[in-house]
Amino acid sequence: MAAPRIGCLAWGSLLWDPRTLPLAAPFEQEGPRLPIEFSRVALDGRVTLVIDPRAATTRSWWAPLAVDSLGAGVEALALREGVGPERIGDWIGIQTRAGVGACSGQCPESVRAEIAAWLAAKRLDAVVWTALPARRPDGRLQRPEWSELVDHLERLEGTARERAEQYIRRAPEPLRTPNRLRFEAIFGWSPRARVAGGE
């Protein structure tokens, strides 16, 4: 019996820094249209891209994984993203061709429906994605206002500021989100050629 065909969705640092993620081919911008925005303050201070139900939709990226089971794909993505076993059910999204899904993070029904419709048209058995929730600078799992994010970035210094700038500059250029445009206007952090490093 052939191994299931498992795909992985991406929109952030997985694209330029997949690290241990076992890709069977490069990411392509042919994923489902999803609401993506710079709406999460990471523990190291960066403002990162996540599914944000209040954001405009944009085309995401996807790649096939070189794994022999859905479970292996979930574990590989969780390892790359630093998601512990106790949070996999919350922060790793799963959708199967049979309609089985799991994700209690940023997965409103509209997002799940879009991913399911996309999957139905692909030669895949299932797809996984990172479902980290939005997070404000104070750590609350809520969508931050853009002014909060600007204030947060302005307070960063040294290596933390450098990491934050690198993430925003390296994010895929097609993601012209409102927050990105604000960061570019205020800090001058426009897109640049990809270089080594990442999340």
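Remarks
- P(r) for the chain, from all Cα pairs and a bin width of 10 Å, is 9, 37, 37, 15, 2, 0 %, short bins first.
- Listed peptides 126-132, 185-191 appear in the order 126-132, 185-191 once ranked by packing, highest mean of other Cβ atoms within 10 Å at the front.
- Modelled FRET efficiency - R0 35 Å, SER110 with ALA185, Cβ distances, 0.05 increments: 0.75
- Cα-Cα separations in region 23-133 greater than 22 Å, expressed as whole percent: 28
- Mean Cβ neighbour count within 10 Å, used as a protection proxy, ranking 177-184, 19-26, 52-59 highest first: 177-184, 52-59, 19-26
- Where only DSSP H runs of four or more residues are counted, the chain gives -9000 deg cm²/dmol as its mean residue ellipticity at 222 nm, each run worth -39500 (n - 2.57).
- Taking the Cα centre of the chain as origin and assigning +1 to Lys and Arg Cβ atoms and -1 to Asp and Glu Cβ atoms, the resulting dipole is close to 340 debye.
- Spin-label model, GLU28/GLN142: points 7 Å from Cα along the beta carbon direction are separated by 4.2 nm.
Each reported figure results from applying straightforward, stated rules to the coordinates on display, with no laboratory input. Just so you know, these numbers come straight off a predicted model, no measurement behind them. A quick note on method: Cβ atoms are made from the backbone with ideal geometry, for glycine too, and the neighbour counts reach across all protein chains shown.
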